Amino acid sequence: MKREDKFVMSHRPYAVGLGSLRTRFNPTKYGGFWDCQVEAVWFRRRKGVTMACIGTLWDYQDVEPVTTEQFLQAHDDGRYGGTTVGRWDGEGYWGNVSLDEQNEHLSILRPMLEDFPAVPKGHDGWWTFR
């Protein structure tokens with residue numbers, strides 16, 4: 001991934017929580033790999049409606065990234081995009097989470113959608129696979 005200063009919806013950008021990197025080593029008989037995840041938020045448009053989404057970006061990497069930036073720079077396969085766990089379109093929330101998690105998501109997604117296309121507070125953006 002690379003970081004872009006300008007928001008361009010068609011580039012499918014993500015804003016990430018820089019302190020949210022989680023790694024786990026998965027051993028295999030041939031060595032192993034690192035299962036990495038970082039919390040992310042992004043905008044998508046469906047049928048003309050802009051939505052704010054929350055979830056994770058994930059990747060399997062051969063070398064453990066020390067920082068979120070290292071993880072993102074090594075993440076080069078964007079065909080799966082982000083894993084969405086919650087979505088807000090200004091009228092309704094979608095997500096299969098507890099009520100507490102939904103409220104937590106909405107505390108991020110509501111102001112995010114209101115301030116479109118600004119990078120949400122506490123996040124670093126915009127990261128793309130272009």
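If you plug the beta carbon distance of Lys2 and Tyr30 into 1/(1 + (r/R0)^6) with R0 = 22 Å, you get a FRET efficiency near 0.15. With one equal scatterer per alpha carbon and no solvent term, the Debye-computed log10 I(q)/I(0) for the range 2-128 at 0.10 1/Å reads -0.33. The longest part of the chain holding none of the exposed loop chymotrypsin sites (Phe, Trp or Tyr not before Pro), meaning those outside H, G, I, E and B in DSSP with at most 14 other Cβ atoms within 10 Å, is 81-130. If only the Cβ of Lys and Arg carry +1 and only the Cβ of Asp and Glu carry -1, the dipole of the chain around its Cα centre is close to 460 debye. For the range 8-45, the residues whose backbone nitrogen is under 19 Å from a point 7 Å from the Cα of Asp115, taken along Cα to Cβ, are 8-9, 13-20, 39-44.
For the chain, leaving out every one of the GluC sites (Glu not before Pro) that falls in a DSSP loop and has at most 15 other Cβ atoms within 10 Å, the longest unbroken run is 5-90.
Of the residues Ser20, Ser98, the one with the fewest other Cβ atoms within 10 Å heads the list, and the complete ranking is Ser98, Ser20.
Compute the FRET efficiency between Leu18 and Thr84 as 1/(1 + (r/R0)^6), taking r as their Cβ-Cβ distance and R0 = 22 Å, and round to the nearest 0.05. For R0 = 22 Å, the calculated efficiency reads 0.60.
The convex hull built on the alpha-carbon positions of the range 1-66 has an orientation-averaged projected area of 5.9 nm².
Report the normalised scattering of the range 37-104 as log10 I(q)/I(0) at q = 0.16 Å⁻¹, calculated by the Debye formula with identical scatterers on the alpha carbons. Values, matching the q order: -0.65. A dipole drawn for the range 2-128 from +1 and -1 charges on Cβ atoms has a positive end, and of His75, Gly48, Leu113 the residue lying farthest that way is Gly48.
Looking at the range 40-122, which trypsin sites (Lys or Arg not before Pro) are DSSP coil and have at most 10 other C-beta atoms within 10 Å of their C-beta? Taking the range 40-122 and a limit of 10 other Cβ atoms within 10 Å, the loop trypsin sites (Lys or Arg not before Pro) found are Lys47, Arg79, Lys121.
Only the coordinates and a few stated rules stand behind these numbers; no lab work does. Keep in mind it's a predicted model, so treat the numbers as computed, not measured. As a convention, Cβ positions derive from the backbone with ideal geometry for all residues, glycine included, and neighbour counts pool all protein chains shown.
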